[in-house]
Amino acid sequence: MKASLKIIIAGGGTGGHIFPAIAIANALRRIDGNIKILFVGAKGKMEMEKVPQAGYAIKGIDITSFNRSSLIKNIGLPWKLLKSFFQVRTIVSDFGPDAVVGVGGYSSFPVLRFAQARGIPTFIHESNSFAGKSNIWLAKKATMIFVASDGMEIFFPASRIVYTGNPVRTDIVRNRPPRDEAVKFFGLDLTRKTVFSTGGSLGAKGINEAIARHLGEFEKNNLQLVWQTGKPFAEKARQAAEGRKNIWTNDFLTQMQYGYAAADVVISRSGAMSIAELCLVGKPVVFVPFPFAAEDHQTANAKSLVNKGAALMVNDAEANEKLVSTTVSLSKDIELQAHLSAEIRKLGVADADEVIAKKILETIG
């Protein structure tokens, strides 16, 4: 392996792209302490905050996604895309990477496309069971494609696919506290069953509204709730939970391992990151897929687990009527909890970050 390898990691937009990217970077650094890593993301998105917090440099480019809900908002998109290619050319030329890794999100496309035009090895990580359009296009010239689901040959060249699973945050795997410690962390009752509701890094309107509407059902059924809402719903949740000793709520939970450890049942969106973590912690889960995800990949993700008997699913459109009642019913069914836990745990992959990092370094080193 030559000295001071340089790698660009591109992508972001949500925690489902950012946290796996950081996990891969950490694994690369553990294997090769001299490696130089630069992230590239979209200006104004959460990677511009989360990546520096993890100790890595990041360059921002001016790019936005295609707006499906308002076509008028896409007028400036061609100009931004062109501008981003000029920015990427400068970044790549100045840094001189030996490889570029794309983790998904629209900011990954111009970086990998430019690298491929320059003959620089490119690696893709596709976290979902339904591949995004950018990754499908980029895969045609990619050196290697890391996937988290089986059957991805329908999207990518089979000869370049490597099944790795999804990288997860180190704390989820290695630093999970005992249940009692986790329940005390939230100031809740050790004798009650706990539901942990998480909408991902940006929150989940459908989940939050359903919980708020039926909040009294938790107390009525002797349940307590750890409710991570995201910023948009945080104040409504705080008001709804006021005076209820069985409810802990906040907009974001930095120490997710405590939420998982406290939980007897989990309510979650079905982004790839959430699924990867839930497979490792092995908790019974009710998925509520985000209905506006690209290519409706969250529904595909959730159905993949439901079909294996590893989870339950409630559609976002039906969440108001069915989510809390489904959760309460699951909390009372010990046999179903045990079955779901056993099946979802079979799908867990703890070392995806190490596998991906080793494959990259073996290829370019």
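Apply the a/c threshold of 1.5 to the C-alpha gyration tensor of the chain and tell me whether it is rounded, prolate or oblate. Prolate, because a/c is 1.5 or more and a/b exceeds b/c.
Calculated [222 nm] ellipticity per residue, helices only, for the chain: -13000 deg cm²/dmol; basis is -39500 (n - 2.57) per DSSP H run with n ≥ 4, divided by all residues, nearest 500. Modelled this way, with points 7 Å down the Cα-to-C-beta line, the labels at TYR163 and ARG30 are 2.3 nm from one another.
The distance between label points at LEU82 and PHE252 comes to 3.6 nm (points 7 Å beyond Cα on the Cα→Cβ vector).
For ALA319, the shell of other residues with beta-carbons less than 10 Å away shows a net charge of -1, using +1 for Lys and Arg and -1 for Asp and Glu.
With both labels modelled 7 Å from their Cα along Cα-to-Cβ, the LEU336 to GLU153 distance reads 3.6 nm.
With R₀ set to 51 Å, the beta-carbon distance separating GLU295 from LYS184 gives a calculated FRET efficiency near 0.75.
Length gained on full extension, GLU217 to ALA350, computed as 0.36 nm times the residue gap minus the Cα-Cα distance: 44.3 nm. Placing +1 on the Cβ of every Lys and Arg and -1 on the Cβ of every Asp and Glu, with no other charges, gives the chain a dipole of roughly 900 debye about its Cα centre.
Classify region 285-343 as rounded, prolate or oblate, taking a ≥ b ≥ c as the square roots of the eigenvalues of its Cα gyration tensor: rounded when a/c is under 1.5, otherwise prolate if a/b is larger than b/c and oblate if not. Oblate is the answer for region 285-343, as a/c is 1.5 or above yet b/c matches or exceeds a/b.
Packing-based ranking of 88-97, 184-193, 24-33 yields 24-33, 88-97, 184-193, ordered from highest to lowest mean Cβ neighbour count within 10 Å.
Cross-link pairs exceeding 20 Å in C-alpha to C-alpha distance, out of LYS231/LYS283; LYS45/LYS231; LYS59/LYS83; LYS193/LYS346, comprise LYS231/LYS283; LYS193/LYS346. Please identify which residues in region 257-291 have an amide N closer than 18 Å to a label point set 7 Å out from the Cα of ASP171, following the Cα→Cβ vector. Residues 257-263, 273-282 qualify, since their backbone N sits under 18 Å from the label point.
For region 255-322, the set of GluC sites (Glu not before Pro) satisfying both a DSSP loop assignment and a count of at most 10 other C-beta atoms within 10 Å is empty. Of the peptides 225-234, 145-154, the order by per-residue mean of other Cβ atoms within 10 Å, starting with the highest, comes out as 225-234, 145-154.
Once the Cα-Cα distance is subtracted from the 0.36 nm per residue extended length, the GLU49 to LYS6 segment shows a gain of 13.3 nm. Where does the charge balance sit around THR194 when Lys and Arg score +1, Asp and Glu -1, over other residues with C-beta under 9 Å from its C-beta? Once all neighbours under 9 Å are counted, the net charge is +1. Segment LYS140..VAL306, full-extension length gain: 56.6 nm, with 0.36 nm per residue of separation and the alpha-carbon distance subtracted. Within the shell of other residues whose beta carbon sits under 13 angstrom from the beta carbon of ILE31, the net charge comes to -1, with Lys and Arg scored +1 and Asp and Glu -1.
Only the coordinates and a few stated rules stand behind these numbers; no lab work does. Everything numeric in this text was worked out from a predicted model, so none of it was measured. Neighbour counts are summed over all protein chains in view; Cβ atoms, including those assigned to glycine, are modelled from backbone coordinates with ideal geometry.
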